[in-house]
């Protein structure tokens, strides 16, 4: 709603990053997914591809400034737990 209000009030249309400003390694994400889901799975590691950045972190400063948005779940385990709960609820398989 705040985004619509922002536009109606004359704010310009733009694209925002929605992140908590903290980066996690792929290994962090994999290990946390295993922990949260209780599922063990094989991980195949490969070298970084040409053009892949060494590091990416979403900066939501502009979104916070324009719309007052704040991340609700700042830590990786909580983010993954909420995503896992959603997947379980919607059971796509």
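The condition of being at pLDDT below 95, part of a helix (DSSP H, G or I) and surrounded by fewer than 13 Cβ atoms within 10 Å (Cβ to Cβ) holds for only one of 86, 92, that being 86. Under the condition of being surrounded by 12 or more Cβ atoms within 10 Å (Cβ to Cβ) and under 27 Å from residue 53 (Cα atoms), which residue from the range 1-22 is modelled with the highest pLDDT? Top of the filtered list is 16. The condition of being in a loop (DSSP other than H, G, I, E, B) and more than 29 Å from residue 1 (Cα to Cα) holds for only one of 59, 50, that being 50.
The values are calculated or read from the model by the stated rules, or taken from the named source; none is laboratory data. Keep in mind that this is a model prediction, so the values were computed, not measured. Neighbour counts run over all protein chains shown; Cβ positions are idealised from the backbone, glycine included.
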